[in-house]
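The values are calculated or read from the model by the stated rules, or taken from the named source; none is laboratory data. Since the model is a prediction, treat every value here as computed from it, not as a measurement. Glycine gets a Cβ as well: all are built from the backbone with ideal geometry, and neighbour counts include every protein chain shown.
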Amino acid sequence: MNAPANPLAMRMEGPSPAVEVAKDLARRGALIAPVAAMVGAIFWGTDGAASVAYALAIVVVNFLLAAWSLGFAARISIALMAGVALFGFLIRLGLITLAVLLVRDAAWVELIPLGLTLIITHLGLLFWEMRFVSASLAFPGLKPKPGLDAAQASNSPTISDLSETKEHQ
Amino acid sequence: MSVLAQIAQDIEAADLQNIEAAGGAGMAYGLAAIGPGIGIGYLVGQAVQAMARQPESAGQVQTTMFLGIAFTEALALIGFVVFILLKFV
């Protein structure tokens, strides 16, 4: 075990991995936006579609803001990053509240699709991204590649398979 | 005292119900934000410790930390959505 370094003196250099993840989340958000807006339009009409799009924009901006603030602070100091993570949570929660409360009386806002979209897309995008990130972190060779179909994916070794193989070796 | 009594008379039962509903929804939102706050504090503390112990894996730790923060934040978002649905729908 290494001796711990001083977090006050440590800082990260190079591109922030959190920003990369957030950009990936934003790309996926843009991919699902038309489908989500269509679902909103089916159940709540045009207002529903607009509310779903607005909620999706809030979620994506929230991810980007979180990643940018973490990356920015990590370049200065890891300890500052910890502070930004904590207070950033409060600030971003306040911004989300403000963003919703400012438009709640607008004619085009339907609060039910807006609220549902906030939760579903936030969690959905994260789980979608998680599939890629978890595989890359544990075993970079298992990172899903574009064009790899489901059949190939099901035949590829899992993380537990590889662990067992390593144990046997 | 007479002014207070006058105000109390002016407040109708419906207003009281609205005040109670707003207070309840606000309290639910506040309580829902406490848990994620504790969670994020613990998560970030552990992440900083991991980065201090193994600076070479700081990138991986930051990625995991970012996703952890986002997942924890979802709890607060659920509290917020329950708040707006209770309060305004």
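Would the stretch A:47-56 turn up any residue that is within 27 Å of residue B:38 (Cα to Cα), touching a Leu at 6+ places or on another chain (Cβ under 9 Å) and surrounded by fewer than 21 Cβ atoms within 10 Å (Cβ to Cβ)?
Quick first cut of the stretch A:47-56, residues within 27 Å of residue B:38 (Cα to Cα) only: A:55-56.
Retained after the next criterion (residues that are touching a Leu at 6+ places or on another chain (Cβ under 9 Å)): A:55-56.
Still in the list and also surrounded by fewer than 21 Cβ atoms within 10 Å (Cβ to Cβ): none.
No, the stretch A:47-56 contains no residue that is within 27 Å of residue B:38 (Cα to Cα), touching a Leu at 6+ places or on another chain (Cβ under 9 Å) and surrounded by fewer than 21 Cβ atoms within 10 Å (Cβ to Cβ).
Which condition breaks for residue A:52 when tested against (1) more than 9 Å from chain B (Cβ to nearest Cβ); (2) within 25 Å of residue B:45 (Cα to Cα); (3) touching a residue at least 60 places away in the same chain (Cβ under 8 Å)?
So the condition that residue A:52 fails would be (2).
Go through the stretch A:55-85 residue by residue and tally those that are without any contact (Cβ under 8 Å) to a residue 12 or more places away in the chain and touching a Ser or Thr at 6+ places or on another chain (Cβ under 8 Å).
0
How many residues, within the stretch B:1-21, are surrounded by 10 or more Cβ atoms within 10 Å (Cβ to Cβ), of a type in the set (Val, Ile, Thr) and in a helix (DSSP H, G or I)?
Looking only at that region, the number is 1.
Select from the stretch B:65-89 the residues that are more than 7 Å from chain A (Cβ to nearest Cβ) and over 12 Å from the mean Cα position of the chain (by Cα) and write down the one among them that is surrounded by the fewest Cβ atoms within 10 Å (Cβ to Cβ). Walk me through how you get there before you give the answer.
Within the stretch B:65-89, the subset more than 7 Å from chain A (Cβ to nearest Cβ) is B:65, B:68, B:72, B:75, B:79, B:82-83, B:86-87.
If we keep only those that are over 12 Å from the mean Cα position of the chain (by Cα) too, we end up with B:65, B:68, B:86-87.
Details: B:65: 26, B:68: 19, B:86: 15, B:87: 18.
Restricting to residues being more than 7 Å from chain A (Cβ to nearest Cβ) and over 12 Å from the mean Cα position of the chain (by Cα), the top hit is B:86.
Looking at (1) modelled with pLDDT under 90; (2) surrounded by 12 or more Cβ atoms within 10 Å (Cβ to Cβ), find the lone condition where residue A:148 falls short.
It fails just one condition, (2).
Residue B:24 - would you say it is surrounded by 10 or more Cβ atoms within 10 Å (Cβ to Cβ), part of a helix (DSSP H, G or I) and within 14 Å of chain A (Cβ to nearest Cβ)? Write out each step before concluding.
On the way: surrounded by 10 or more Cβ atoms within 10 Å (Cβ to Cβ): yes; part of a helix (DSSP H, G or I): yes; within 14 Å of chain A (Cβ to nearest Cβ): no.
Considered against the rule, which asks whether it is surrounded by 10 or more Cβ atoms within 10 Å (Cβ to Cβ), part of a helix (DSSP H, G or I) and within 14 Å of chain A (Cβ to nearest Cβ), residue B:24 comes out as no.
Which of the residues that make up the stretch B:54-63 are more than 7 Å from chain A (Cβ to nearest Cβ) and either under 14 Å from residue A:80 (Cβ atoms) or touching a residue at least 12 places away in the same chain (Cβ under 8 Å) (or both)?
Kept after step one, since they are more than 7 Å from chain A (Cβ to nearest Cβ), are these residues of the stretch B:54-63: B:56-57, B:61.
Scanning the stretch B:54-63 gives a single hit, B:61.
Out of the residues in the stretch A:95-130 that are touching a residue at least 60 places away in the same chain (Cβ under 8 Å) and part of a loop (DSSP other than H, G, I, E, B), which is surrounded by the fewest Cβ atoms within 10 Å (Cβ to Cβ)?
A:107
Just need a number here: residues in the stretch A:55-82 that are part of a helix (DSSP H, G or I), over 25 Å from residue A:127 (Cβ atoms), more than 9 Å from every other protein chain (Cβ to nearest Cβ) and of a type in the set (Gly, Ala, Ser).
1
Please name all residue pairs, on different chains or six or more residues apart, with Cβ atoms under 7 Å, provided the first residue is in the stretch B:38-53 and is within 10 Å of chain A (Cβ to nearest Cβ) and the second residue is aromatic (Phe, Trp, Tyr) and in a helix (DSSP H, G or I).
As it stands, the answer is B:40/A:89, since those pairs meet every condition given.
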